[in-house]
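A short write-up of the structure that comes next.
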Amino acid sequence: MKQSLDVETLNTMVVEAKKYTKEGVVADYIPALGEANPETLSIAIYRGKGDCIAAGNIREKFTLQSISKVITLAVALMDHGEEYVFSKVGMEPTGDPFNSIAKLESNVPSKPLNPMINAGALAVTNMIIGETIDEKLGRILSLVHEMTCNPEITYCERVAKSELDTAFLNRSLCYFMKQHGVVKGVVEELLNLYTKQCAIQVDCYDLAKLGYVIANDGKNPNTERQIIPLHIARILKTFMVTCGMYNSSGEFAIKVGIPAKSGVSGAIMGSVPHGIGVGIYGPALDDRGNSVAGMKLLESLSSRYDLSIF
Ligand code: GLN
């Protein structure tokens, strides 16, 4: 790093980036997310062994939304291995919005392009092993608990229900994929699990730790015990680079160059390989569903501390 990263500098950077919250709007297609305060911006940076610095309203909780797709991909890869997972879901980025149905029809045979778009993530969630929705969700949560060293983390019932009641597009993606043999079983049960996984509730500290584990080859942030196999942590980071910011991933790679995953709650998780884990929350989104101020904050962090992997 070029200069030392301290709380004072981080606070200044948050104040600077906060101006950009005015350029975005909160997601309201999931009604419960529409209640978020668009002016909030906070960040935590985890540097290993309990060393964390933060700025902004860092006690605030939010839901993982699409960031959960990285966690469920890890679970599915640990459950089934690469060959099976990637026989159902591709590895290629897309220039289409995260909830697009278009390529499902134009690709023959039908296969979601990657696990970071909704179709791909729904197909991945459909693979998670367990007898019941609770058991499957419990396995996803267990991994989150291990990665964050925080066993209290659970999902927000209100946000999950709000999404389940209004997930008409995701329902159609599921039915389309069921018709084409990409997903199996009862669609409502899959949506029930998916909306709960998206509603897993964390704060910036937890998110920074999740990012740290992925950055540091899948090892526990305190004990260094291997939680996720090295080759799977590498796959997760690669998807974060190529597909993590939806159809802004190319521009983000050039401007920021940090493997990252965003969610429509306004959260962004960053993983600097063999370096820091970053957790950002700023619910005002651009038209592609990424936190406007969050991206600006990551951009200034990356340029100030020379964090781009390229
Ligand atoms: N739960 C959200 C959805 O399926 C997640 C999307 C996102 O964060 N981009 O629409």
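The values are calculated or read from the model by the stated rules, or taken from the named source; none is laboratory data. Keep in mind it's a predicted model, so treat the numbers as computed, not measured. Backbone-built Cβ (ideal geometry, glycine too); neighbour counts: all protein chains shown.
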> Do we find that residue 119 is buried (at least 22 other Cβ atoms within 10 Å of the Cβ), farther than 22 Å from residue 248 by Cα and under 17 Å from the mean Cα position of the chain (by Cα) in this structure?
Replying inline: no
> Taking region 1-54, which residues are touching a Leu at 6+ places or on another chain (Cβ under 8 Å) and within 16 Å of the ligand (Cβ to nearest atom)?
Replying inline: 24, 25, 26, 27
> Name the residues in region 1-24 that are in contact with a Gly (Cβ under 9 Å, 6 or more places away or on another chain) and closer than 23 Å to residue 287 by Cβ, would you?
Replying inline: 17, 18, 20, 21, 24
>> Of the residues 238, 223, only one is touching a residue at least 12 places away in the same chain (Cβ under 8 Å) and out of contact with any strand residue (DSSP E or B) (no Cβ under 6 Å at 6 or more places or on another chain); which?
In response: 238
> Which of the residues that make up region 138-197 are away from the ligand (no atom under 13 Å from the Cβ) and aliphatic (A, V, I, L, M)?
Replying inline: 140, 141, 143, 144, 147, 153, 177, 182, 183, 186, 187
>> If a residue counts only when it is surrounded by fewer than 24 Cβ atoms within 10 Å (Cβ to Cβ), in contact with a Leu (Cβ under 6 Å, 6 or more places away or on another chain) and polar (S, T, N, Q), which helices (runs of 4 or more DSSP H) contained entirely in region 208-310 have at least 2 such residues?
In response: none
>> Quick check on residue 97: is it at pLDDT below 95 and touching a Lys or Arg at 6+ places or on another chain (Cβ under 9 Å)?
In response: yes
